[in-house]
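Okay, structure first, notes after.
The values are calculated or read from the model by the stated rules, or taken from the named source; none is laboratory data. Just so it is clear, the model here is predicted, and its values are computed rather than measured. Positions of Cβ are backbone-derived with ideal geometry, glycine not excepted, and every protein chain shown enters the neighbour counts.
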Amino acid sequence: MAEINLVEAVNLALAHELARDEAVVLLGEDIGANGGVFRATVGLQQRFGAGRVVDTPLAETAIVGTAIGMAAMGLRPVAEIQFSGFLYPAIDHLINHAARLRNRTRGRLTCPLVVRTPCGGGIHAPEHHSESPEAMLAHTPGLRVVMPSSPARAYGLLLAAIRDPDPVMFLEPTRMYRLFRQEVADDGEALPLDVCFTLRGGTDLTLVSWGAMLHETQAAADALATEGISAEVIDVATLKPLDLPTILESVARTGRCVIVHEAARTAGLGAEIAAGLAEEGLYSLLAPVQRVTGYDTVMPLSRLETQYLPSVERIVAAARKTLEAS
Amino acid sequence: MSTVARFHIDHVRFLDPQGEALGPLPDFARDPAQLVPMYRAMYLTRTFDAKAIALQRTGKLGTFASALGQEAIGVGVASAMRAEDALFPSYREHAAQLVRGVRIEESLRYWGGDERGSDFAQARHDFPNCVPIGTQVCHAAGAAYAFKLRGEARAAVCFLGDGGSSKGDFYEGLNFAAVWKAPLLIVVSNNQWAISVPRSAQSATATLAQKAIAAGVEGVQVDGNDLVAVHHVAREALAKARAGGRPTLIEAVTYRLGDHTTADDASRYRDPAVVQEQWSFEPLTRLRNHLVGLGAWGPDKEEALARECTETVNAAVEAYLNTPPPTTAAMFEHLFATLPAALVAQRDEALRFTPRKAGGQPGGDHG
């Protein structure tokens, strides 16, 4: 079994599905000969042909719009938007069409579409290349929103997304593309959507996060462990629909919860999780829920991005606050 | 300095407004067996249209977009399509939809506020009405790509309006289809008005057909009130699409004789005298005169057709009004293939709080 990084896992999953199902088609900017600006599709056009790995003209609206037409006519398109900051021209198609085609035709037409896009900051990228749009997308009824946080979950969740009969937004944390390697078997085994993954067990508090922020969150759990504090770490993975029961079950045991996300705070998914805890888990809480998030500021250019991104120190401080509260 | 590109746009018209042939006609245009069904479809569309407006005015239908005066475009194009092709209409193309086999009661259900109206019993691959302007061009281009990739001799046909040709989606879809050499026919029903904005304020181009040229696509302008011209260019475009997978843009010039929708009052922004003048160009009289000239039509047939269309529409209205109300659970049934666990509690809440008499009246509770 090979040790691969997250972007290689994405490539492996795409290749697996292209080989398994001839309805699978990739489309996007620079995904052919160039193999994608992050190399997620490297070698795929050579292997599967330019008809199934399509370099499109430079127009995000039509990348998603045409993919919807392909999906409704029986293909399984996987569209790549080069950076999530360039997703916005396609939002009309995602909200008005992809998310509701099944509903508005009572199931006559469907939209088995995956839109992959790198997201998040921390790689010193240019302006508009470090967005975290997951809450915007999760607010749309009819869309699934998935974000992997390791090579194995990228592989397994992407297989699941491509095989799912409905549209899936697959947000790939850019900062994790090459952060670490892990053994991933190319066994075609999908991971389940719509469930959280508990990455480590703990008894004193629950840390909830997703995507690249799990790197800092796990580091915070390590730091807390040196002080004898046992933190459970949950990777939400599918942000919509949300697996609240797993989080509730954990918090019922630990009594404390810190939610960590890179996206801006207001109306972020941390608020949704905190509201779920307040509605259904209030009496098991021993301390107020804490959020450690990006600020309600514009995502700064690279020189300030480390000040924007939640740090291990901020997460540890929030964890301490929950522990001091009772 | 040298010229690196030139273009010209043809205008196609076979029948003058009185229905007189302006020159040699294509074969089908001398064949009553082919023309009469198209005349019938135009007549049925107009009968349906008038009935739908009457239903809206009496509180039995929601907002409705009339196709009055534009019947030749939808009928002429859709009659050139094959069952296996796919239609991507705007919300004003029930002429095309009726030809495709969409039932009048289905259309009424849609305009009456019920998603079941877009679950067509026939035309299973046709998209439902597209309300976000021009977006359907992209969907049609993608569908055409799918047909081409699988080596199927099918074409995608989309309709939009003159206003829609200002949208980026239109240019992007057109451009993708051109690069892909995809079997796509784009029909711009240029009815001169985008709600209250006239064609002159919509685009500075001499024609809308020439917008195709920038994408490397053949563009042609046709008299959209001349069924023979519309059907002729649509047949040629679809034959070309099926044979080699090349897109075509047809600008069909017509005039919106009605309001934008039943929620609009066009007398606020356009001169009724001009609208009255436009009635002398409308498509049904023109085709009827041509059929009379061929010896294939007369007052008896016209009367029988009127009766038949009225009966057909009345039966459809009956079926529409007798449709059982949609269930509350239907909101959740088709959101995803399988309802996610996270939504079960919301569905149960909706069911728990459903009043005994739910689902609204046909046309909506607003009356």
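General observations
- For A:E279, the requirement of being at pLDDT 95 or above and either among the polar types (S, T, N, Q) or buried (at least 19 other Cβ atoms within 10 Å of the Cβ) (or both) is not met.
- Filter pass, B:L287 being of a type in the set (A, V, I, L, M), buried (at least 17 other Cβ atoms within 10 Å of the Cβ), at pLDDT 95 or above and part of a helix (DSSP H, G or I): yes
- Scan of region A:3-40 for residues that are among the polar types (S, T, N, Q) and either surrounded by fewer than 17 Cβ atoms within 10 Å (Cβ to Cβ) or part of a helix (DSSP H, G or I) (or both), ordered by number: A:N11, A:N34
- The condition (being part of a helix (DSSP H, G or I), without any contact (Cβ under 8 Å) to a residue 12 or more places away in the chain, surrounded by 12 or more Cβ atoms within 10 Å (Cβ to Cβ) and in the same structural domain as B:D114 (by TED's automatic domain parsing)) is satisfied by just one residue among B:A342, B:A315: B:A315.
- Counted residues, region A:291-305 - those being in contact (Cβ under 8 Å) with a residue 40 or more places away in the chain and under 20 Å from the mean Cα position of the chain (by Cα): 3
- Any hit, region B:51-61, residues being out of contact with any Phe, Trp or Tyr (no Cβ under 8 Å at 6 or more places or on another chain) and buried (at least 23 other Cβ atoms within 10 Å of the Cβ): no
- Of the strands (runs of 3 or more DSSP E) lying entirely inside region B:142-236, those containing at least 1 residues that are crowded, with 21+ Cβ neighbours inside 10 Å and within 14 Å of another protein chain (Cβ to nearest Cβ) span B:156-161, B:184-190.
- Exactly one residue out of B:A229, B:A243, B:A237 is closer than 22 Å to B:E172 by Cα and either among the small types (G, A, S) or out of contact with any helix residue (DSSP H, G or I) (no Cβ under 9 Å at 6 or more places or on another chain) (or both), and it is B:A237.
- Qualifying positions in region A:112-131 - of a type in the set (D, E) and within 16 Å of the chain's Cα centre (by Cα): A:E131
- Condition check for B:T135: within 14 Å of chain A (Cβ to nearest Cβ), within 16 Å of the chain's Cα centre (by Cα) and crowded, with 24+ Cβ neighbours inside 10 Å: yes
- Any hit, region B:192-204, residues being within 17 Å of the chain's Cα centre (by Cα), at pLDDT 95 or above and not aliphatic (A, V, I, L, M): yes
- When B:V292, B:V228 are checked against the criterion of being touching a residue at least 24 places away in the same chain (Cβ under 8 Å) and under 30 Å from B:A143 (Cα atoms), B:V228 stands alone in meeting it.
- Exactly one residue out of B:E349, B:E308, B:E333, B:E318 is of a type outside the set (V, I, T) and under 30 Å from B:D31 (Cβ atoms), and it is B:E308.
- Scanning region B:70-83 for residues that are touching a Phe, Trp or Tyr at 6+ places or on another chain (Cβ under 9 Å) and either among the hydrophobic types (A, V, I, L, M, F, W, C) or part of a loop (DSSP other than H, G, I, E, B) (or both) yields B:Q70, B:I73, B:V75, B:V77.
- Among residues of region A:216-229, those that are touching a residue at least 60 places away in the same chain (Cβ under 8 Å) and either in contact with a Gly (Cβ under 9 Å, 6 or more places away or on another chain) or among the small types (G, A, S) (or both), counted: 5
- Considering region B:81-129, and only residues there that are closer than 18 Å to B:A146 by Cβ and acidic (D, E), the residue that is nearest to the other protein chains (Cβ to nearest Cβ) turns out to be B:D126.
- All positions within region A:204-249 that are of a type in the set (D, E, K, R) and away from chain B (no Cβ under 14 Å): A:D204, A:E216, A:D222, A:E227, A:E232, A:D235
- Hits in region A:301-324 - residues which are surrounded by 19 or more Cβ atoms within 10 Å (Cβ to Cβ) and not in a helix (DSSP H, G or I): A:L309, A:P310
- Filter pass, B:A306 being surrounded by 14 or more Cβ atoms within 10 Å (Cβ to Cβ) and either in contact (Cβ under 8 Å) with a residue 60 or more places away in the chain or over 29 Å from the mean Cα position of the chain (by Cα) (or both): no
- Residue that is surrounded by the most Cβ atoms within 10 Å (Cβ to Cβ), among those in region B:322-339 that are within 12 Å of chain A (Cβ to nearest Cβ), without any contact (Cβ under 8 Å) to a residue 12 or more places away in the chain and not in a helix (DSSP H, G or I): B:F336
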